[in-house]
Structure formats: C-alpha cells, structure tokens
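The structure under discussion appears below in the form of structure tokens.
The values are calculated or read from the model by the stated rules, or taken from the named source; none is laboratory data. Predicted, not measured: the structure shown is a model, and the values here were computed from it. Virtual Cβ from ideal backbone geometry, glycine too; neighbours counted across all protein chains shown. Ligands, DNA and RNA are stripped out before the accessible areas are found, and what is left, the full protein with its side chains, is counted by its heavy atoms. Shrake-Rupley method; radii C 1.70, N 1.55, O 1.52, S 1.80 Å.
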Amino acid sequence: QVQLVESGGGLVQPGGSLRLSCVLSGGIFSIYDMGWYRQAPGKQREVVATIRADGHTEYPDSAKGRFTISKDNGKNTVYLQMANLKPEDTAVYYCNTGGPGFDYWGQGTQVTVSL
C-alpha cells in the first residue's frame, strides 16, 4: 500500500519561503508521476505543480516563477520549494501520485502566509 507523508508547512510572512517535502513508502517511487495540490477554505482543490517520472515539470500560472517541484529518487521524496509567498497561497498542501487504477493522497500540511 502506497503511503504519502508531507511535512514542512507552517506560518510564514508574505514574501517568505518554505520547502515542503513528501515521502512515499510502499511503492517504487522512481516510476510514479507526482504532484502537489492545495485546498484553501471554501475552495476546490487545485494543482500547484507536477513532476513526471522522467522529470518533466508543469505549473499553473499562479505558481510559475515562484514554486519549484523536484524529486530525489534515492530518498523517495518529492519537494515543493515556494518563494515570494502571498496570503492567497494559504492552504492545506497535499502530495499526490496517481495513474490508471490508483490515486493516493497524503494527509496534507498547512501553509499559512500572514503577518
């Protein structure tokens, strides 16, 4: 059974940075496409960044230039480096891996951007 565990969230001031981590266990990390998503109160969950098994990355416009997704196959870990954070980035951030017949989510980590 694949499990995903996120860490690294917290309270940060506007303009600050955070790095989120997500460790995958119970599967072969190197073959999975991975993604970071977020959900703010009262809003739908939205994609923040994705990285394919081959390392190709994609970002929505809201994250381009500020967020960077990366992974370390040796550590079974995917990262989300966030810079120039804004109050509207406040949300619970989730790690995901999915494909035909499977879809796994972590428990989420809270990111709060506030003075």
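Checked against the criterion of being free of Cβ contacts under 8 Å to residues at least 12 places away in the same chain and either more than 15 Å from THR112 (Cβ to Cβ) or not aliphatic (A, V, I, L, M) (or both), the candidates ASP33, ASP72, ASP89 yield just one match: ASP72. Looking at the range 10-22, which of its residues are surrounded by fewer than 17 Cβ atoms within 10 Å (Cβ to Cβ) and either part of a loop (DSSP other than H, G, I, E, B) or hydrophobic (A, V, I, L, M, F, W, C) (or both)? Hits for the range 10-22 are LEU11, GLN13, PRO14, GLY15, GLY16, SER17. Scanning the range 72-115 for residues that are acidic (Asp, Glu) and touching a strand residue (DSSP E or B) at 6+ places or on another chain (Cβ under 6 Å) yields a count of 1. Only strands (runs of 3 or more DSSP E) whose full extent lies in the range 26-78 are considered here, and the ones with at least 1 residues that are among the aliphatic types (A, V, I, L, M), open to solvent by 50 Å² or more (accessible area, probe 1.4 Å) and closer than 17 Å to GLY106 by Cβ are 46-51. Look at TYR93 and say whether it is in a strand (DSSP E or B) and open to solvent by 30 Å² or more (accessible area, probe 1.4 Å). Spelling it out, it is not the case that TYR93 is in a strand (DSSP E or B) and open to solvent by 30 Å² or more (accessible area, probe 1.4 Å).
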